[in-house]
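Novice: Can you keep this structure in mind? I'll have questions shortly.
The values are calculated or read from the model by the stated rules, or taken from the named source; none is laboratory data. From a predicted model like this one, the values you see are computed outputs, not experimental measurements. Cβ atoms come from the backbone with ideal geometry, glycine included; neighbour counts cover every protein chain shown.
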């Protein structure tokens, strides 16, 4: 079974601030998340890792994927 993380734990996992992860969740472009009940957000470690790998670049001149 996959491990699910809270926003704080997920932010630590991807080395972003909690506020940045929350902003990405609202505006889009962040990792997929689960909302099992209102007010509760969870992230699957597999989704976090996939999101990080999808942002991999070979140089700073490469355009970031949307």
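Novice: Could you list, in sequence order, all residues of segment 30-52 that are closer than 13 Å to residue 6 by Cβ and in a loop (DSSP other than H, G, I, E, B)?
Specialist: Correct list: 33, 39.
Novice: Kindly establish whether residue 58 is surrounded by fewer than 12 Cβ atoms within 10 Å (Cβ to Cβ), over 11 Å from the mean Cα position of the chain (by Cα) and at pLDDT 95 or above.
Specialist: So residue 58 does not fit the description; no.
Novice: Just one of (1) touching a helix residue (DSSP H, G or I) at 6+ places or on another chain (Cβ under 7 Å); (2) surrounded by fewer than 10 Cβ atoms within 10 Å (Cβ to Cβ); (3) modelled with pLDDT of 95 or more trips up residue 32, so point out which.
Specialist: So the condition that residue 32 fails would be (2).
Novice: For the subset of segment 1-29 comprising residues that are in a loop (DSSP other than H, G, I, E, B) and touching a helix residue (DSSP H, G or I) at 6+ places or on another chain (Cβ under 7 Å), which member is nearest to residue 42 (Cα to Cα)?
Specialist: Checked segment 1-29; the qualifying residue nearest to residue 42 (Cα to Cα) is 3.
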